[in-house]
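For reference, the structure is listed below as structure tokens.
The numbers here are math on the coordinates, done by the rules we state, and not lab data. This is a predicted model, so every value here is computed, not measured. Neighbour counts are summed over all protein chains in view; Cβ atoms, including those assigned to glycine, are modelled from backbone coordinates with ideal geometry.
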Amino acid sequence: EGFERELWDWLLEKVGPEARSRFPLDAHSAEALYHYETPPRARLKYLLTMVLPSALRIEAVHALFERHVGSPRRWAKEWYLGWAELTSMQRMGHTIGGHGFLHEPYTNMSLMEARADLGRIATVLRAGLGPDRRPFSYPFGRFDRDIGRACKDAGFAEAFTTEEAWVRSRAPAHALPRVDTIRVGSFLPENTL
């Protein structure tokens, strides 16, 4: 709850008193999308990922991160895998796929912007890991038929949504559901976990 309040305080200072009306927050949608979080965390994540324009979100996250954690650049080096680790994992049989370059919901972008982002991450993965059949996972599960085609055109073999279901044999390759590991038990027969 504290971070949500702090973000609103930052927005009010940055944007002014119209921040709440300019960036309306749908609590029901937030809690449905981030069902695994507490309601305050779900609202915070939803505000950051679905409501705020990306430039403002980046500025807000950077400011809050620096205030509470430190230099994002320093922490990124510790938290994220490099090409050597990814190449090693791939050699051991792991599949490395795409999840967007900017990690923006594609339905918040124009089709041209989504195509460019898909092309960019496909190019980066090919350059770093070599050519391969790679899957894709839509950022925040947001896509439509045109974005699915763009994903295929970028060279991704298949793409996963956030729809929770078993993959059936006739499922469209660029609109595959998934089993959410947070709720995997709901997909299994009783007493199998």
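Placing dummy labels 7 Å off each Cα toward the beta-carbon, the span from ASP26 to ALA55 is 2.6 nm. Under 15 Å from the Cβ of SER71, count the other residues' Cβ atoms, weight Lys and Arg +1, Asp and Glu -1, and hand me the total. With Lys, Arg at +1 and Asp, Glu at -1, the neighbours total +2. Sparse packing (at most 10 other Cβ atoms within 10 Å of the Cβ) combined with a DSSP loop state is found for the following trypsin sites (Lys or Arg not before Pro) in the range 112-142: ARG133.
Within straight-line reach of LYS14, meaning a Cα separation under 25 Å, sit the following lysines at least 8 residues removed in sequence or on another chain: LYS45. Would you tally the net charge around PRO172, using a Cβ to Cβ cut-off of less than 14 Å, leaving PRO172 out, and scoring K and R as +1, D and E as -1? Around PRO172, the surrounding residues sum to +2.
Going 7 Å from the Cα of VAL167 toward and past its Cβ, which residues in the range 82-117 have a backbone nitrogen under 16 Å from where you end up? Residues passing the 16 Å test: 94-99. A run of the chain free of exposed loop cleavage sites, with GluC sites (Glu not before Pro) counted only in DSSP states other than H, G, I, E and B and at most 10 other beta carbons within 10 Å, reaches its longest extent at 19-189.
Taking every alpha-carbon pair under 8 Å whose residues sit at least 6 apart, the range 64-193 reaches a relative contact order of 19 percent. On the principal axes of its alpha-carbon atoms, the range 81-183 has extents of 34, 33, 24 Å, going from largest to smallest. Taking a span of 18 Å or more along the helix axis (Cα atoms) and a mean Kyte-Doolittle hydropathy of at least -0.5 as the rule, the DSSP H helices of the chain that qualify are 2-15, 54-68, 111-129. A simple spin-label model places the labels of GLU66 and MET112 3.3 nm from each other, with each point 7 Å out along Cα-to-Cβ. Taking every Cα-Cα distance in the range 1-114 and sorting them into 5 Å bins starting at zero, the pair-distance distribution P(r) comes out as 2, 9, 15, 18, 18, 17, 11, 5, 3, 1, 0 percent. Pairwise Cα distances in the chain exceed 31 Å in 27 percent of cases.
Evaluated with a Cβ-only charge set (Lys, Arg +1; Asp, Glu -1), the chain carries a dipole of roughly 600 debye about its Cα centre, given to the nearest 20.
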